[in-house]
Amino acid sequence: MQIGVIADTHSKMRPEALEVLKGSDLILHAGDVGRDEVLEALEAIAPVVAIRGNIDKTGRAATLPDVQDLEFLGHAFFMLHDVKTLDFDPQGRYRIVIAGHSHKPRNEWIGDVLYFNPGGAGPRRFTLPITVGRLQVSEDGVVGEIIELPVG
């Protein structure tokens with residue numbers, strides 16, 4: 001199963017991000033969606049599960065949940081916008097914690113938990129790269145990948 005992961009679009013849906021996400025079985029958006037058109041563009045590719053970020057005050061994004069508790073092929077996923085607000089230890093409970101907010105890509109195993117942040121796919125923030133993520137999920141495990149977008 002291939003899961004596309006995107007965050008911090010801030011109303012900007014880059015064609016380069018859509019191209020990378022093509023072929024995904026599912027797309028997860030870890031918050032700061034912005035305009036409804038972002039979700040519509042993603043839904044044209046695959047089913048979308050999204051959460052609300054701190055800028056999501058209007059439109060469909062305002063009605064999204066703050067967190068998502070998901071399971072794919074026997075692996076438990078927890079998605080929230082800002083990993084700094086995680087108020088429990090996911091070890092032994094979740095295989096993957098997905099977050100956005102910082103715009104900093106992260107693909108790091110700590111113990112048995114993969115902490116995954118696809119980075120920011122919307123407007124450039126500071127000197128951070130523009131990125132999206134991909135998770136390859138099988139019954140045997142999960143492999144994360146960060147993809148830097150070729151944008152000018």
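The values are calculated or read from the model by the stated rules, or taken from the named source; none is laboratory data. Just so it is clear, the structure is predicted and the values come from calculations on it, not from any experiment. In this analysis, Cβ positions are derived from the backbone assuming ideal geometry, glycine residues included, and neighbour counts consider all displayed protein chains. To get the accessible areas, we keep the full protein, side chains included, count just its heavy atoms, and leave off ligands, DNA and RNA. Shrake-Rupley method; radii C 1.70, N 1.55, O 1.52, S 1.80 Å.
The table below gives the values:
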item: Per residue solvent-accessible surface (Å²) - the chain, probe of 1.4 Å; result: 47 Å²
item: Entry for P(r) over Cα pairs in 10 Å bins from 0, in percent (calculated from the structure that is shown) out of (i) 11, 30, 22, 17, 11, 6, 2, 1, 0; (ii) 12, 47, 34, 7, 0; (iii) 10, 39, 40, 11, 0; result: (ii)
item: Total formal charge among the other residues, if their Cβ is under 14 angstrom from that of G53, Lys/Arg +1 and Asp/Glu -1; result: +2
item: FRET efficiency, 1/(1 + (r/R0)^6) with R0 41 Å, evaluated for R124 and V49 via beta carbons; result: 0.95
item: Rounded, prolate or oblate (a/c below 1.5 giving rounded, otherwise prolate when a/b exceeds b/c) for the stretch 71-138 by Cα gyration tensor; result: prolate
item: Of F78, F116, F126, the one that fluctuates the most in a GNM where the chain has Cα springs shorter than 10 Å; result: F126
item: Carbon plus sulfur fraction of accessible area for the chain, probe 1.4 Å, in percent; result: 49 percent
item: Rounded to 5, percent antiparallel among DSSP beta bridges of the chain; result: 60 percent
item: Cα gyration tensor, the stretch 1-89 - rounded (a/c under 1.5), prolate or oblate; result: oblate
